[in-house]
Amino acid sequence: MSETPSSPSSHRRKRQRAPRIVRKNYFLHLVFYERRFRLALLLIGLLLLTAVALAPKLWISSPPHMEETIRISGLDLLQSWNLKRNARKEESAGRYKEAILAWISAIGNNPADVEAIRGFLQAVVALPKPERSYLGPGVGQARFLLRLTQTNRSDLTLASDIYRHYEFYPQILTLLDQPSEPLEPKGLENQLIALFETGRMEAFGQVWSTNRAVLSERPVASLYHAAWAAGWGPIQELSAGRLKLLAAAGDGTWTLVARRLALTLHYSQLDLASYRKVLNQLQDTRDARVQDEVRFWLLLEQSGKHDRAVELARQHTVAAETAPEAEMLILAWKRLGLTDIAIEFARQQITNFAYHPGIWTALADLLIQTQNWDELAALALELRTSRLREGYAGWSLYLEGMADHHRNRTVDAADQLAAAATNSFQDPLLAFSSAAQMRRLGYPGPSTMLLKSLQSRYADSTTFWAFLQRSAYEARQGDIILEASEQLHLMQPTNAVAANNFAAALLTKRVRSEEALKITDGLYRRFSRNPAVRINQASALIRNARLDDALPILQSLDGTEMSESEKTFTRLAWFEYYDARGEVDRALAEAKKVEKRFLFQDQQEWLTGRMAKLDGL
C-alpha cells in the first residue's frame with residue numbers, strides 16, 4: 001500500500017531533505033514547514049507594503065491650472081471617501097450639522113476635493129438659519145471652489161447661494177457681474193434678490209424683464225417681483241403686486257418671505273403703522289431679524305419719534321448673527337446719536353467679523369467723528385495685520401496718515417498718505433473718498449496719485465475728472481490738469497467753465513495754440529467781462545502771433561479788480577507780449593513782477609529760461 005502525501009512518513013522525508021540551516025533556525029523551520037505561518041507572514045508583508053504605499057503624500061489632487069500643488073496620501077483618499085459617505089448618511093437623516101462636520105473632515109483630508117466642498121456648501125445652505133460658525137469656512141470654501149473649477153455655472157450659483165444664505169447681497173452682485181456664460185435659473189434668482197435687497201430697483205426691473213420666462217417659474221423670484229411691482233414698478237402692475245403679496249402672506253409656505261418683503265415695501269413708503277403691524281406678526285412667530293428691528297427705529301426717527309427710537313435702540317440686546325446685521329446696528333446707533341454704544345459694539349464686532357470691511361469702515365468713521373486719533377492709528381495698525389491687509393493696505397495707511405495729521409505729525413502724515421496712494425484699495429469708492437479727504441487735508445499730491453489709479457474705473461464720470469482736475473491743480477501737476485481738463489471738455493462741450501479750464505491748461509503747457517485760440521475766441525464773445533477769459537484770450541492771441549489783437553485786451557485788464565493769481569498771469573501775458581515784440585527791457589520789467597508761487601513748474605522753467613536769454617541780450 002503506497003503512502004499518501006500527507007502521511008507521517010512523507011513529512012519525515014521532507015524534514016530529511018530540508019537544508020541544514022532550516023533545521024537549525026526555528027523561524028526558518030516555521031516558514032519551511034508551517035503553511036499557516038507562511039500565510040500570516042505574507043499577509044503582514046502585504047499590510048506593510050500597503051502602509052508604505054498609502055502613507056506618503058504622492059497623489060496630486062489639485063487641478064493643473066492652479067499655481068499651488070496640493071498633494072495627499074492614499075490614506076487621505078480613503079478617509080475622505082469614508083467621511084463623504086458618512087456625511088451623505090447624516091444628510092439623508094436630516095442631521096445637517098453632523099453632516100457639515102463630516103464634510104469639513106473630508107475636506108481636511110483632501111482640500112481640493114470638489115465633491116466634498118460642494119457637499120459642505122450645500123449642507124450649510126440647507127440649514128434653516130445661518131450659523132455664524134460656518135460663515136468664514138463657507139465663504140472661504142466657496143471662493144476656493146471657484147478657483148478649482150474655474151468659475152463654472154453651477155459652482156457660481158452655489159457660491160451665490162452661500163452669500164444669499166448669509167445675506168451678503170452686495171457680494172452676490174459682485175460675484176455675478178458679467179459672468180462668462182448665462183447664469184443658471186437659481187443664479188438669476190439670487191441676482192434678482194440681491195438687486196432688490198440693495199435697493200437697485202431699476203436694475204431689478206431690467207433683469208426681470210430680460211429673464212421673465214425663467215424667473216416667473218420660481219416662486220420666490222415671483223414674490224420679489226410682486227413686491228417690486230407694488231412699490232417701484234409700473235402703475236398698472238401696482239395693484240396686482242399688492243394682491244399677490246397679501247395672498248402669499250396668508251399662505252403658510254410663503255408667509256415669512258411675503259412678510260419680510262412687505263416690511264421692505266412699508267419702509268420705503270415710510271408707512272410706520274403698516275410696518276409696525278407686520279413687525280409684530282414676525283415678533284409673535286419669533287421670525288423678526290435684527291435688520292427688521294433696526295429699520296423700525298429708523299422709521300420712528302424719520303416719523304419724528306426720535307426719543308422712542310433711541311429708547312428702543314438702547315434696549316436692544318439681540319446679538320448680530322451676520323456681519324451685515326452688525327454693520328447695520330453700528331450705523332443705526334450712530335445715526336440716532338448713540339455714539340458710545342456704537343463704538344463699543346463695533347470694537348467687539350471687529351473680533352467676530354474681522355473679514356467684513358463694513359465693520360472696519362464704520363468704526364473708523366466713528367473714531368474720526370469723535371476725533372479719537374490715537375485709537376484711529378491703532379485701528380490702522382490692527383487692520384494691516386488682519387486678514388483684510390492685502391486689499392486694504394492703502395486705506396490703513398490713509399487712516400494712519402489722517403491720525404498723524406491731526407496729531408500735528410505732518411511729516412509722518414505726508415509719508416503715510418504718499419504710501420497709501422501707491423498701496424492697494426480693494427474698494428474703489430473707499431479709495432475715491434480717501435483721495436477727496438487727502439485733498440481737503442492739504443495733501444493734493446497723494447490725492448492726485450490715488451485718483452489716477454482709479455482712472456480706468458471712473459473714466460466715464462465727470463465727477464471723477466473734476467476731482468482729479470482740482471487735485472492736480474493744487475498739486476501743480478500740469479500734465480494731469482491738461483488730461484483731466486480735456487476729458488471734461490469732451491464730456492461737457494457746452495460747459496463754459498470746462499472750456500475755459502481746458503484752454504488754460506493748453507496755454508499753461510504751451511501746446512496746441514491754435515486749438516486754444518479757437519476755444520478762447522468763443523468764450524470771449526460770450527464772457528468778455530470775465531478777467532480769466534480775457535487773460536486766456538490775450539495769451540492765446542499772443543501765442544498765435546496776433547499781437548495787435550492782444551494789445552487792447554491786455555490794456556483793458558489794467559485797473560480791473562483781480563485776484564493775486566490773475567494779476568500774476570496778466571503780467572506773464574504782458575511779458576510774452578513784449579518778448580514777442582523784441583522789447584527786452586519792458587519784458588524783463590514785467591517778468592520781475594511775476595509771483596512764481598502761482599506758476600506751474602513748466603511755466604517757471606520756461607520763464608527762467610527766457611529771462612536768462614533776454615538778460616544775455
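The values are calculated or read from the model by the stated rules, or taken from the named source; none is laboratory data. Just so it is clear, the structure is predicted and the values come from calculations on it, not from any experiment. All Cβ positions, glycine included, derive from the backbone under ideal geometry; neighbour counts span all protein chains shown. Please note that ligands, DNA and RNA were not included when accessible areas were found on the heavy atoms of the full protein model with its side chains. Shrake-Rupley method; radii C 1.70, N 1.55, O 1.52, S 1.80 Å.
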Relative to the compact-globule scaling 2.2 N^0.38 Å, provide the ratio for the alpha-carbon radius of gyration of region 205-262. 1.05
Placing one identical point scatterer on every Cα of region 430-520 and ignoring solvent, what is log10 I(q)/I(0) from the Debye formula at q = 0.25 Å⁻¹? -1.20
Using just the helices of the chain, give the 222 nm mean residue ellipticity in deg cm²/dmol: DSSP H runs with n ≥ 4 each add -39,500 (n - 2.57), and the total is spread over all residues, rounded to 500. -23000 deg cm²/dmol
Degrees between helix 306-315 axis and first principal axis of the chain (Cα, 0 to 90, nearest 10): 30
Environment charge of His406, counting only residues whose C-beta is closer than 14 Å and scoring Lys/Arg +1, Asp/Glu -1: -2
Whole number in Å², please: accessible area per residue of region 122-220, 1.4 Å probe, ligands, DNA and RNA not counted. 46
I'd like the orientation of helix 114-126 relative to the chain: the angle between its Cα long axis and the longest Cα principal axis, in ° from 0 to 90, rounded to 10. 80
How would you order 496-507, 579-590 from highest to lowest mean count of nearby Cβ atoms within 10 Å? 496-507, 579-590
Ranking by accessible area, most exposed first, for Glu197, Glu515 with a 1.4 Å probe: Glu515, Glu197
Principal axes first, then extents: for the Cα atoms of region 278-392, list largest minus smallest coordinate on each axis, whole Å, largest first. 44, 28, 19
Listed residues Met562, Asn544, Ile100: farthest to the positive end of the dipole of the chain (Cβ charges): Ile100
Charge-dipole axis of the chain as Lys and Arg at +1 and Asp and Glu at -1 on Cβ define it, positive-most pick from Thr339, Ile193, Val139: Val139
Derived scalar couplings ³J(HN,Hα) [region 151-159; Karplus, 6.51 cos²θ - 1.76 cosθ + 1.60; whole Hz; x for Gly, Pro]: 6, 6, 4, 5, 6, 4, 5, 4, 4
Treating the Cα atoms of region 71-193 as identical point scatterers in vacuum, please give the log10 of the normalised Debye intensity I(q)/I(0) at q = 0.12, 0.14, 0.19 Å⁻¹, two decimals. -0.43, -0.59, -1.00
Taking alpha-carbon centroids only, region 507-562 lies from region 373-402 a number of Å equal to 49
Computed for the chain: size of charge dipole around the Cα centre, +1 on C-beta of each Lys and Arg, -1 on C-beta of each Asp and Glu, debye to nearest 20, value 3540
Mind giving me the FRET efficiency for Leu551 and Asp460? R0 is 41 Å, r the Cβ-Cβ distance, nearest 0.05 is fine. 0.45
Stokes-Einstein diffusion coefficient for region 521-617 at 20 °C in a medium of 1.002 mPa s, Rh from the Kirkwood formula over Cα pairs: what value in µm²/s? 157
Could you give the nm distance between label points at Leu127 and Lys518, where each point is 7 Å from its Cα heading toward the beta carbon? 6.5
For the pair Val497 and Ser222, how long in nm is the line joining their label points, each one 7 Å along Cα→Cβ? 5.2
Just how much of Tyr134 is accessible, in Å², when a 1.4 Å probe is used and the result is rounded to the nearest 10? 30
Listed by chain and number, the lysines with an alpha carbon less than 28 angstrom from that of Lys277, same-chain partners under 8 positions apart left out, are Lys129, Lys244, Lys305, Lys334
With a probe of 1.4 Å, find how much accessible area region 551-617 has per residue, and write the answer as a whole number in Å². 55
So what is the relative contact order of region 91-212, in percent, for Cα pairs below 8 Å that sit 6 or more residues apart? 18
Between region 299-315 and region 112-137, how many Å separate their Cα centres? 38
Tell me the angle of helix 428-441 to the major Cα principal axis of the chain, expressed in degrees between 0 and 90 and rounded to the nearest ten. 40
Report the accessible area of Arg476, computed with a 1.4 Å probe over the heavy atoms of all protein chains in place, in Å² rounded to the nearest 10. 70
If you add up the charges near Leu298, with Lys and Arg at +1 and Asp and Glu at -1, over every other residue whose beta carbon is less than 15 angstrom from its beta carbon, what do you get? 0
Each label point is 7 Å from the Cα along the Cα-to-Cβ direction; what then is the distance between the points at Lys97 and Gln604, in nm? 7.0
Rounded to the nearest 10 Å², what accessible area does Lys567 have for a 1.4 Å probe in the complete protein model? 70
About its Cα centre, how strong a charge dipole does region 56-212 have in debye, to the nearest 20, once Lys and Arg get +1 and Asp and Glu get -1 at the Cβ? 400
Please list the equivalent ellipsoid semi-axes of the chain, computed as the square roots of five times the alpha-carbon gyration tensor eigenvalues, in descending order and whole angstrom. 71, 39, 24
Rounded percent of accessible protein surface that carbon and sulfur make up, the chain, 1.4 Å probe: 52
Could you derive backbone 3J(HN,Hα) for region 215-230 from the dihedral phi with the Karplus parameters 6.51, -1.76 and 1.60 (θ = phi - 60°), listing whole Hz in sequence and x where the residue is Gly or Pro? 6, 5, 7, 9, x, 5, 4, 5, 5, 4, 5, 4, 5, 4, 5, 6
What is the local net charge at Ser274, summed over the other residues whose Cβ is closer than 14 Å to its Cβ (Lys, Arg +1; Asp, Glu -1)? +4
